[in-house]
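Visitor: Structure below; questions to follow.
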Amino acid sequence: MASQGSLTEGEHLVLRLHPHWKTVLRPLLIAIVVIAAAITTLVLLPSSAGGIARLAIGAVALVAIIIWCVVPLLRWRTTTYELTTRRLRLRRGILSRSGRDFPLIRISDVSFSHGLIDRLLGCGRLVVESAGEHGQLVLNAIPTVEQVQATLFQLVEDEQARLAREERQ
């Protein structure tokens, strides 16, 4: 979450997004498969099998769920895209955080694309072109990508107009 202390003077948060919820579908499906496999294995396990075998199956299922389900869910939850009146901010990380800021004044083009499934789900790919060493930023699974693209484009124009007014004064 963008705190007021992390924004510059005169900068305001316009939009905060997480990757689209479709990115958590695979981890949830994997969790269902792992749980079903563990239950099936426990049911089919001979009654002569000891408690250690049952504990081992539970432990393997737990580790699999943590690796393939919990970590991706945490990664999704801790990844944010923020649009402010001055920059595009990317933040990600579970235990350690990393961030990247793109000043709106350096953005030269904003485009989006989405296939049939993305259109049905209401998400897509946002491509931000900027002047400088990084060139192009591609963000996948952006919810309401068309609205985000339009908002970002408008913010870029507003920032350019603001800087032009400041130069004239």
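The values are calculated or read from the model by the stated rules, or taken from the named source; none is laboratory data. Treat the numbers as computed from the prediction; the structure is a model and nothing was measured. Here the Cβ is made from the backbone with ideal geometry for all residues, glycine too, and neighbour counts use every protein chain on show.
Listed here are the residues, each with its yes/no results for (1) at pLDDT below 95; (2) assigned by TED's automatic domain parsing to the domain that holds VAL128; (3) more than 30 Å from ASN140 (Cα to Cα).
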residue: SER48; (1), (2), (3): yes, no, yes
residue: ILE52; (1), (2), (3): yes, no, yes
residue: ALA59; (1), (2), (3): no, no, yes
residue: ILE65; (1), (2), (3): no, no, no
residue: VAL71; (1), (2), (3): no, no, no
residue: THR80; (1), (2), (3): no, no, no
residue: LEU83; (1), (2), (3): no, no, no
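Visitor: Here is a further query. Residue by residue through the stretch 45-76, note down the ones that are charged (D, E, K, R) and farther than 14 Å from LEU28 by Cα.
Guide: We begin by selecting, within the stretch 45-76, every residue charged (D, E, K, R); these are 54, 75.
Matches in the stretch 45-76: ARG54 only.
Visitor: Could you grab me the full set of residues in the stretch 95-126 that are part of a loop (DSSP other than H, G, I, E, B), surrounded by fewer than 12 Cβ atoms within 10 Å (Cβ to Cβ) and either in contact (Cβ under 8 Å) with a residue 60 or more places away in the chain or within 17 Å of the chain's Cα centre (by Cα) (or both)?
Guide: Once the filter is applied, which keeps residues that are part of a loop (DSSP other than H, G, I, E, B), surrounded by fewer than 12 Cβ atoms within 10 Å (Cβ to Cβ) and either in contact (Cβ under 8 Å) with a residue 60 or more places away in the chain or within 17 Å of the chain's Cα centre (by Cα) (or both), the stretch 95-126 yields LEU95, SER96, ARG97.
Visitor: Could you check how many residues of the stretch 13-27 are over 23 Å from ALA61 (Cβ atoms) and exposed (fewer than 12 other Cβ atoms within 10 Å of the Cβ)?
Guide: Looking only at that region, the number is 0.
Visitor: Name the one entry in ARG165, ARG91, ARG75 that is outside any helix (DSSP H, G or I) and either exposed (fewer than 12 other Cβ atoms within 10 Å of the Cβ) or among the charged types (D, E, K, R) (or both).
Guide: Values: ARG165 fails: outside any helix (DSSP H, G or I); ARG75 fails: outside any helix (DSSP H, G or I).
Step by step, each of ARG165, ARG91, ARG75 is checked, and only ARG91 is outside any helix (DSSP H, G or I) and either exposed (fewer than 12 other Cβ atoms within 10 Å of the Cβ) or among the charged types (D, E, K, R) (or both).
Visitor: In this structure, is ALA38 out of contact with any Ser or Thr (no Cβ under 8 Å at 6 or more places or on another chain), more than 27 Å from THR144 (Cβ to Cβ), at pLDDT 95 or above and among the small types (Gly, Ala, Ser)? Explain how you work it out, then say what you get.
Guide: Details: out of contact with any Ser or Thr (no Cβ under 8 Å at 6 or more places or on another chain): yes; more than 27 Å from THR144 (Cβ to Cβ): yes; at pLDDT 95 or above: yes; among the small types (Gly, Ala, Ser): yes.
Spelling it out, ALA38 is indeed out of contact with any Ser or Thr (no Cβ under 8 Å at 6 or more places or on another chain), more than 27 Å from THR144 (Cβ to Cβ), at pLDDT 95 or above and among the small types (Gly, Ala, Ser).
Visitor: Condition first: within 23 Å of VAL14 (Cα to Cα), more than 20 Å from the chain's Cα centre (by Cα) and not in a helix (DSSP H, G or I). Can you find one or more residues in the stretch 127-141 that meet it?
Guide: yes
Visitor: Between ILE57, ILE30, ILE39, ILE35, which is without any contact (Cβ under 8 Å) to a residue 40 or more places away in the chain, surrounded by 16 or more Cβ atoms within 10 Å (Cβ to Cβ), over 24 Å from the mean Cα position of the chain (by Cα) and assigned to a helix (DSSP H, G or I)? Lay out the reasoning, then the answer.
Guide: Details: ILE30 fails: over 24 Å from the mean Cα position of the chain (by Cα); ILE39 fails: surrounded by 16 or more Cβ atoms within 10 Å (Cβ to Cβ); ILE35 fails: surrounded by 16 or more Cβ atoms within 10 Å (Cβ to Cβ).
On inspection, the qualifying residue turns out to be ILE57.
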